[in-house]
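Reviewing the structure listed below.
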Amino acid sequence: MDYKETLLLPTTTFAMRGNLINNEPKRYKAWDEKNVYQKMKQNRLGAPSFTLHDGPPYANGHIHIGHALNKVLKDIIIKHNYFNGKSVRFTPGWDCHGLPIEQQVEKKLGGKKKKEQLETAQIRKLCREHATKFVDIQREEFKTLGIIADWNKPYVTMDYKFEANIYRTLCEVAKKGLLVERSKPVFWSWAERTALAEAEVEYEDKEDYSIFIAFELSDDAKKQLGIEGKAAPVIWTTTPWTIPANTGISLNPEEKYVLTTDGYIVAKELLNSLVENDVVSGTIAQEFDAKEFENLIAINPLNGRESRLVLGEHVLVDNGTGCVHTAPGHGEDDYRVGLVYDLEVIMPVDETGCYDESVVGLGLIPNGEDFVGRHIFKSNEDLIAMMGNAVLKVDKFMHSYPHCWRSHTPLIYRATKQWFISVDGTPEGENKTLREIALSEVEKTQFIPETGRKRLTSMVENRPDWCISRQRDWGVPIAFFRVKATGEVLLDEKVLNFVAMIFEMQGSDAWYSMDIAQLLYPGCEYKPEELEKVTDILDVWFDSGSTWNSVLKSRNYDAGEYPADLYVEGSDQHRGWFQSSLFLSTAVQHKAPYKGVLTHGFTVDEKGEKMSKSKGNVIAPEKVLKEYGSEILRLWVASSDYQGDLKISQGILKQTAESYRKLRNTFRIMLANVNDLETLTPVENMGDLDKWILSEASRVLAEVHKHFSEYNFVNGMSVLNNFIVNELSGMYIDMTKDNLYCNAQDSARRRASQSAMAMITKTLLALMAPILTYTADEIIENAPTVIKQDAEDIFDITYEALNNIEAPFDAEYMVKAREGFGSVVDTLKKEKVIKSTLELVIFTESKTVLDMDTTDAEDWFVVSGIFEDKPEENELGSFKVGDDTFTIAKATAHKCPRCWKYQSDSEDAVCSRCSEVVGA
């Protein structure tokens with residue numbers, strides 16, 4: 001008789017191989033067609049809400065692996081909340097204005113000069129077309145990652161209503177009294193001809209001059225100090241090109257200063273190091289308090305202009321000379337001390353980084369005509385030479401220097417008339433400054449990881465006023481009118497509201513295409529001919545920083561609640577989106593736009609190196625999808641520690657694919673094992689092994705769920721994989737084979753093990769669904785009713801924890817016993833004494849083992865018998881657990897040809913259990 005036909009072997013329609021590359025796109029398309037996002041909303045009507053507000057990527061180029069990491073992580077978080085019963089909202093967005101898009105249009109046109117020949121309206125039209133194209137491209141690319149969102153109604157910052165709301169946010173900031181226009185030094189990109197915000201600045205190494213220059217005191221100053229002969233404060237600078245704009249020298253008010261015997265004035269604290277470095281060579285001739293120098297005059301050796309000595313807290317004495325070159329047009333500290341002492345703000349540098357006519361008109365450089373139109377960085381050598389003997393020492397050195405994030409050219413500080421949000425201003429109706437409100441809101445915010453709090457706090461504490469104006473074409477205009485006669489800016493509410501209404505209907509392009517008369521409301525008291533338009537546009541960080549207003553608070557999107565539960569972006573956004581959103585929300589609403597902030601690191605190769613085309617280590621999402629499928633990419637995200645930089649390479653993806661294969665096959669064997677189960681056996685009617693695995697699963701899956709709920713996916717996946725490989729696959733699935741395959745179909749014992757597996761599968765499925773949504777949906781499609789019940793697809797499932805179940809025996813003891821047994825078996829197999837553990841029996845006096853159901857005890861070790869007596873012969877080995885000895889011997893009964901257990905009375909005869917099953 002062929003007994004194989006009598007076995008209940010596992011069977012399932014859930015395929016062993018996922019064939020993800022071919023099958024994922026079909027399922028994702030089906031999700032799209034049946035509008036799964038809408039179904040998710042419908043399924044959770046009236047449930048507690050969860051809002052993740054999307055930080056917008058630039059609609060510029062194809063998505064890269066960093067985009068994939070960010071969006072997949074967001075998708076996992078949203079789905080985790082969904083499968084836990086919450087009503088979720090995820091409206092994806094795109095940043096469509098700004099320099100990156102304008103640069104691409106410039107490139108297509110053939111450079112800046114070609115672009116400058118076009119009207120602003122035409123440039124804006126080309127930018128809009130470019131952004132529209134890449135919104136569509138990126139949307140489709142994100143969909144291929146299995147990301148579910150409101151793709152039919154994303155937010156796009158160049159949409160007319162959106163632009164109107166960005167402008168309204170600006171008007172609200174103005175109403176709060178926080179918007180100011182003033183000349184102030186700001187980071188300036190001469191390559192891009194525009195001001196930059198802190199978030200648009202990157203630091204790269206740059207070689208610069210280190211130069212010490214003596215500014216001789218005026219005769220009146222010497223007389224006042226009682227000095228005869230030579231006496232010159234020595235300044236140290238790394239920017240010789242700013243010397244023409246010098247109007248002061250700052251000293252530390254708390255320090256002592258000395259005049260050396262060779263006629264130089266420096267901080268006493270720094271004299272020895274300056275002598276050691278051959279800057280000065282004399283000893284102390286006279287000593288002064290810094291305050292004695294206040295408001296005295298020194299002479300600029302380059303141009304003979306006056307330079308006033310002032311006192312500033314910013315002056316440090318850890319390097320340099322303690323006398324700081326002060327040019328209020330070229331530095332933040334210089335500007336601040338200049339305000340106190342009313343120093344002249346001189347700005348002889350034009351928007352392209354070249355000296356302008358003022359170097360001649362103000363006499364800032366001898367032979368100034370030779371410098372007009374010359375780039376400042378190409379002028380250093382000549383300026384140094386012009387100062388002759390006043391230059392005491394010249395060196396060059398490498399240091400970290402601010403660069404433009406787009407052109408990667410060195411930046412300069414340049415005083416220009418710009419619009420600022422006053423960080424230390426007090427919003428109308430508040431008694432705290434904007435900075436103080438922002439800091440108090442940071443305190444209330446949850447940070448993952450917690451280190452983010454310190455980073456954001458430090459940046460909020462130290463940031464200067466936010467320069468929100470840009471001198472470019474593509475952005476939301478700062479659409480204010482200025483009275484020509486007085487320079488006053490109109491902040492009349494009716495005027496602002498009418499402009500906002502026009503933007504809502506025609507977009508902000510109307511500011512450029514319509515004349516002033518058309519932009520004023522009918523019957524307006526102001527005369528068009530007496531007004532002019534402000535031509536600056538808003539910093540693109542203002543656009544994205546106001547999305548909480550344009551998306552969450554407006555009624556234009558079903559995007560969730562304000563403040564959002566969570567913002568999720570890369571750790572660089574502490575200085576970017578997290579901060580810009582915080583300041584605009586606290587300025588207008590006096591509260592943060594988020595309850596929680598989660599940050600992730602950046603993608604690097606397996607050696608931890610940054611990805612670059614030149615290194616050939618770039619991993620593109622498209623390539624991963626073609627080779628592995630999106631499920632592998634998603635599992636990589638969940639299995640990586642996103643709090644640091646995330647390593648990705650071919651090797652890492654292969655390992656992830658192997659992890660996926662194990663997970664898939666575990667689900668497959670469990671589905672196959674429960675294929676004919678229709679009703680669950682109550683836990684109290686289950687056997688010891690079933691109760692044990694349920695106790696393990698309830699504990700482990702609860703721990704995994706806790707990790708996932710804290711968005712600690714890497715630890716959750718580690719715990720889960722360990723359980724699947726060891727207790728579930730390595731032990732329980734192996735232990736129950738005999739029960740499931742060889743017992744009668746409806747035997748209580750078999751149905752109990754099937755029920756335990758079904759219960760675990762159902763909970764495990766809902767736990768993994770946020771990460772492997774495609775696979776989970778495929779499992780539901782192929783699962784028996786006992787698991788899926790009336791679910792049409794995975795989106796009809798809600799996570800339900802397993803009930804806490806006590807193990808019926810000392811699990812720790814029994815695991816040690818199984819490990820001890822395994823060590824002896826490994827030796828026996830290696831020595832070819834046995835092929836299968838079913839050839840063995842165990843003899844022991846262990847109460848723990850003997851108190852178990854005999855068959856459960858046999859299945860725990862997968863042996864053919866457990867006996868209390870000692871073997872008379874055939875002893876093959878032994879092991880101990882505590883004081884208990886376990887002796888292993890060869891089974892003396894015959895092998896059952898059906899179940900292969902050595903429990904038959906004679907050769908070729910089936911055992912009593914199998915006889916009963918087959919006979920039935």
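Being over 15 Å from the mean Cα position of the chain (by Cα) and farther than 15 Å from Phe708 by Cβ is the filter here, so list the residues in segment 64-87 that pass it. Within segment 64-87, Ser87 is the sole residue that qualifies.
Taken over segment 824-844, the criterion of being open to solvent by 70 Å² or more (accessible area, probe 1.4 Å) and either under 21 Å from His894 (Cα atoms) or in contact with a Gly (Cβ under 9 Å, 6 or more places away or on another chain) (or both) is satisfied by Lys829, Lys832, Lys835. Considering (1) without any contact (Cβ under 8 Å) to a residue 60 or more places away in the chain; (2) open to solvent by less than 10 Å² (accessible area, probe 1.4 Å), the lone condition that Glu228 does not fulfil carries the number (2).
Among the criteria (1) open to solvent by less than 10 Å² (accessible area, probe 1.4 Å); (2) within 19 Å of Phe215 (Cα to Cα); (3) touching a helix residue (DSSP H, G or I) at 6+ places or on another chain (Cβ under 9 Å), the one Gly338 does not fulfil is (3).
Scanning for something outside any helix (DSSP H, G or I) and open to solvent by less than 10 Å² (accessible area, probe 1.4 Å), does segment 617-640 turn up at least one residue? So far as segment 617-640 goes, yes, one or more of its residues are outside any helix (DSSP H, G or I) and open to solvent by less than 10 Å² (accessible area, probe 1.4 Å).
Go through segment 357-374 and give me each residue that's out of contact with any Pro (no Cβ under 6 Å at 6 or more places or on another chain) and either of a type in the set (Lys, Arg) or more than 13 Å from Ile243 (Cα to Cα) (or both). So that I can check it myself, show each step before the final result.
Filtering segment 357-374 down to residues out of contact with any Pro (no Cβ under 6 Å at 6 or more places or on another chain) leaves 357, 360-363, 366-374.
Result: Glu357, Val360, Gly361, Leu362, Asn367, Gly368, Glu369, Asp370, Phe371, Val372, Gly373, Arg374.
The residue pairs whose first member lies in segment 539-566 and is farther than 21 Å from Ala197 by Cβ and among the small types (Gly, Ala, Ser), whose second member is open to solvent by 10 Å² or more (accessible area, probe 1.4 Å) and in a helix (DSSP H, G or I), and whose beta carbons are closer than 8 Å, counting only pairs six or more residues apart or on different chains, are Ser554/Lys161; Ser554/Asn165; Ala559/Leu552; Gly560/Leu552; Ala564/Leu552. Does Glu436 satisfy being of a type in the set (Asp, Glu) and either surrounded by fewer than 16 Cβ atoms within 10 Å (Cβ to Cβ) or in contact with a Ser or Thr (Cβ under 6 Å, 6 or more places away or on another chain) (or both)? No. When restricted to residues that are over 26 Å from Ser729 (Cβ atoms), outside any strand (DSSP E or B) and among the polar types (S, T, N, Q), segment 860-900 contains 2. Selection of segment 819-875 for residues being touching an Asp or Glu at 6+ places or on another chain (Cβ under 9 Å) and hydroxyl-bearing (Ser, Thr, Tyr) yields Thr844, Ser846, Thr848, Thr855, Ser864.
Please report, ordered by residue number, the helices (runs of 4 or more DSSP H) entirely within segment 64-131 with at least 1 residues that are more than 24 Å from Asp641 (Cα to Cα).
Working: elements: 65-83, 99-109, 112-116.
Ranges flagged: 99-109, 112-116.
Reported count of residues in segment 491-512, each being polar (S, T, N, Q) and either in contact with a Leu (Cβ under 7 Å, 6 or more places away or on another chain) or outside any helix (DSSP H, G or I) (or both), is 1. The criterion of being touching a residue at least 12 places away in the same chain (Cβ under 8 Å) and closer than 19 Å to Pro328 by Cα does not hold for Ile384. Hey, does segment 447-454 have a residue that's of a type in the set (Asp, Glu) and part of a helix (DSSP H, G or I)? Checked segment 447-454: no residue is of a type in the set (Asp, Glu) and part of a helix (DSSP H, G or I). For Ile249, the conditions (1) more than 47 Å from the chain's Cα centre (by Cα); (2) surrounded by 22 or more Cβ atoms within 10 Å (Cβ to Cβ); (3) not aromatic (Phe, Trp, Tyr) are fulfilled apart from (1). Restricting attention to segment 573-603, the residues being farther than 26 Å from Thr426 by Cβ, open to solvent by less than 10 Å² (accessible area, probe 1.4 Å) and in a helix (DSSP H, G or I) number 0. Selection within segment 550-572: residues that are assigned to a helix (DSSP H, G or I) and open to solvent by less than 30 Å² (accessible area, probe 1.4 Å). The member of this set that is nearest to Pro92 (Cα to Cα) is Val551.
Tell me which residues, restricted to segment 193-210, are in contact with a helix residue (DSSP H, G or I) (Cβ under 6 Å, 6 or more places away or on another chain) and within 28 Å of Ile243 (Cβ to Cβ). Give the steps one after another, and end with the answer.
Here is the first cut: in segment 193-210, the ones in contact with a helix residue (DSSP H, G or I) (Cβ under 6 Å, 6 or more places away or on another chain) are 197, 199, 209.
Within segment 193-210, Ala197, Tyr209 qualify.
For segment 140-163, a residue qualifies if it is open to solvent by less than 40 Å² (accessible area, probe 1.4 Å), of a type outside the set (A, V, I, L, M, F, W, C) and in a loop (DSSP other than H, G, I, E, B), and the qualifying residues are Gly146, Asp150, Pro154, Thr157.
Contact map, segment 843-857: first residue within 16 Å of Tyr902 (Cα to Cα), second residue part of a strand (DSSP E or B), Cβ cut-off under 6 Å, separation 6 or more or different chains; pairs are Phe843/Phe867; Phe843/Thr887; Ala857/Ile866. Applying the criterion of being over 43 Å from the mean Cα position of the chain (by Cα) and among the hydroxyl-bearing types (Ser, Thr, Tyr) to the residues of segment 494-546, the residue that is most open to solvent (accessible area, probe 1.4 Å) is Tyr526. All but one of (1) of a type in the set (Val, Ile, Thr); (2) assigned to a helix (DSSP H, G or I); (3) closer than 23 Å to Pro185 by Cβ hold for Thr535; state the number of the condition that does not hold. All conditions pass for Thr535, except number (2).
Within segment 845-865, which residues are over 54 Å from the mean Cα position of the chain (by Cα) and surrounded by fewer than 22 Cβ atoms within 10 Å (Cβ to Cβ)?
So in segment 845-865, the residues over 54 Å from the mean Cα position of the chain (by Cα) come out as 845-847, 850-851, 854, 864-865.
Within segment 845-865, Glu845, Lys847, Leu850, Asp851, Thr854, Gly865 qualify.
Taking His97 as the residue in question, decide whether it is open to solvent by 20 Å² or more (accessible area, probe 1.4 Å) and modelled with pLDDT under 95. Considered against the rule, which asks whether it is open to solvent by 20 Å² or more (accessible area, probe 1.4 Å) and modelled with pLDDT under 95, His97 comes out as no. Please state which of the following conditions Phe503 fails to meet, knowing it meets all the rest: (1) at pLDDT 95 or above; (2) of a type outside the set (Lys, Arg); (3) in contact with a Cys (Cβ under 8 Å, 6 or more places away or on another chain). Only one criterion is unmet by Phe503, namely (3).
Return the pairs, sorted by first residue and then second, in which the second residue is of a type in the set (Gly, Ala, Ser) and open to solvent by 10 Å² or more (accessible area, probe 1.4 Å), the first residue lies in segment 187-203 and is under 9 Å from Cys404 (Cβ atoms), the beta carbons are less than 6 Å apart, and the residues are 6+ apart or on different chains. Close Cβ pairs satisfying both conditions: Ala191/Ser407; Glu192/Ser407. With the structure loaded, tell me whether Ala232 is closer than 17 Å to Gly320 by Cα and more than 51 Å from the chain's Cα centre (by Cα) or whether it fails that test. Yes, satisfied.
Free of Cβ contacts under 8 Å to residues at least 40 places away in the same chain and not hydroxyl-bearing (Ser, Thr, Tyr): is that true of Glu778 in this structure?
Details: free of Cβ contacts under 8 Å to residues at least 40 places away in the same chain: no; not hydroxyl-bearing (Ser, Thr, Tyr): yes.
Against the criterion (free of Cβ contacts under 8 Å to residues at least 40 places away in the same chain and not hydroxyl-bearing (Ser, Thr, Tyr)), Glu778 does not qualify.
Quick grid of which residues meet (1) open to solvent by 40 Å² or more (accessible area, probe 1.4 Å); (2) more than 26 Å from Ser379 (Cα to Cα):
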site	(1), (2)
Ile297	no, yes
Asn303	no, no
Arg308	yes, no
Asn319	yes, no
Asp333	yes, no
Ile346	no, no
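The values are calculated or read from the model by the stated rules, or taken from the named source; none is laboratory data. Everything numeric in this text was worked out from a predicted model, so none of it was measured. With ideal geometry, Cβ positions are generated from the backbone for all residues, glycine too; neighbour counts draw on all protein chains shown. Side chains are part of the model used for accessible areas, which takes the heavy atoms of the whole protein and leaves out ligands, DNA and RNA. Shrake-Rupley method; radii C 1.70, N 1.55, O 1.52, S 1.80 Å.
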